[in-house]
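The values are calculated or read from the model by the stated rules, or taken from the named source; none is laboratory data. Computed from a predicted model, the values in this text were never measured in an experiment. Don't worry about glycine lacking a Cβ; one is built from the backbone with ideal geometry, like all the others, and counts go over all protein chains shown.
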Amino acid sequence: MERESFQGLKDQLDALMRRIDEFDVEFWFARELMLVLGYSRWENFQVALHRAITSCESTGYNPDDHFRGVTKMIPLAKGAQRSIEDFMLTRYACYLIAQNGDPRKEEVAFAQGYFAVQTRKLELIEARIRLHARLDARERLRESERQLSKRLFDRGVDEHGFARIRSSGDAALFGGLSTQQMKQRYDITKSRPLADFLPALVIAAKNLANEMTTVNVEQLDLHGENDILSEHVQNNMSVRSTLAERGIQPEDLPPEEDIKKSERRIQSENKSLGESAKFP
């Protein structure tokens, strides 16, 4: 397909884009998109449409947020009208349709790139938000551990005692698995912190248990490793019980990507985004 044809397709897709300004949402109508993608029959286009809806579900998104069914009236002879099915499609929905379209159509191949541009930006933004949540939780955990360690030192617990208390707390939170056993389960080297690979939810759970221990050490005036270890274990068991009530077993959750690696990857993708956003 010639460059002029690509530009023509881009102009068509740009012209068909509509906006809901109130919600800052851009969308396309499926029946209009169908023609630009080289489909002449709605029945054939529906194959790609339904595959796209299935893809949307499999990625964890609610299809209703991206594929909004509507009824449109079309004119017939002598002033009559007939209702037809149509869909309002977000950019992400259009991207999925292009991904599931007929690969032999050059229009479909072009649309994959056209809709992927902003979709990829959205994916990067969402990844950045998720990473920020993990980073924030991780920093809070570091701070709570620093505060707890300082508080315990004043109450007769040295560095080695604090390590034993923390390990016992992990075992209580992870259903009997120690810190090292969790590292083995996640295939983490001994020198790397377990928390750098935990989901944000579990990092937050560990932080909550630390905060509870810090408060109760003061309120109950606890001293010595044994009493504080018992308190910390109970707090982690309480947090675990709360998670279990919602069907969550911390030790069964899959590990997340190494936080340090995630930071480097996101930075690299952001840097290269400008080049990937170019149309041919």
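Just a yes or no: is a residue in the range 52-61 closer than 21 Å to Glu107 by Cβ and out of contact with any Gly (no Cβ under 9 Å at 6 or more places or on another chain)? Within the range 52-61 (the criterion being closer than 21 Å to Glu107 by Cβ and out of contact with any Gly (no Cβ under 9 Å at 6 or more places or on another chain)), the answer is yes, since at least one residue qualifies.
Within the range 70-112, the set of residues being over 16 Å from Phe27 (Cα atoms) and assigned to a helix (DSSP H, G or I) comprises Ala77, Lys78, Gly79, Gln99, Glu106, Glu107, Val108, Ala109, Phe110.
Selection within the range 134-155: residues that are under 17 Å from Ala205 (Cβ atoms) and among the basic types (Lys, Arg). The member of this set that is surrounded by the most Cβ atoms within 10 Å (Cβ to Cβ) is Arg134. Of the residues making up the range 187-210, those that are crowded, with 16+ Cβ neighbours inside 10 Å and touching a residue at least 60 places away in the same chain (Cβ under 8 Å) are Ile188, Asp196, Phe197, Pro199, Ala200, Ile203, Ala204, Lys206, Asn207, Asn210. Within the range 36-64, residues that are assigned by TED's automatic domain parsing to the domain that holds Ala93 have Cβ atoms under 7 Å from residues that are hydroxyl-bearing (Ser, Thr, Tyr) and not in a helix (DSSP H, G or I) in these pairs: Phe45/Tyr39, counting only partners at least 6 apart in sequence or on another chain. Taken together, the criteria place Val70 among residues that are exposed (fewer than 15 other Cβ atoms within 10 Å of the Cβ) and modelled with pLDDT of 85 or more.
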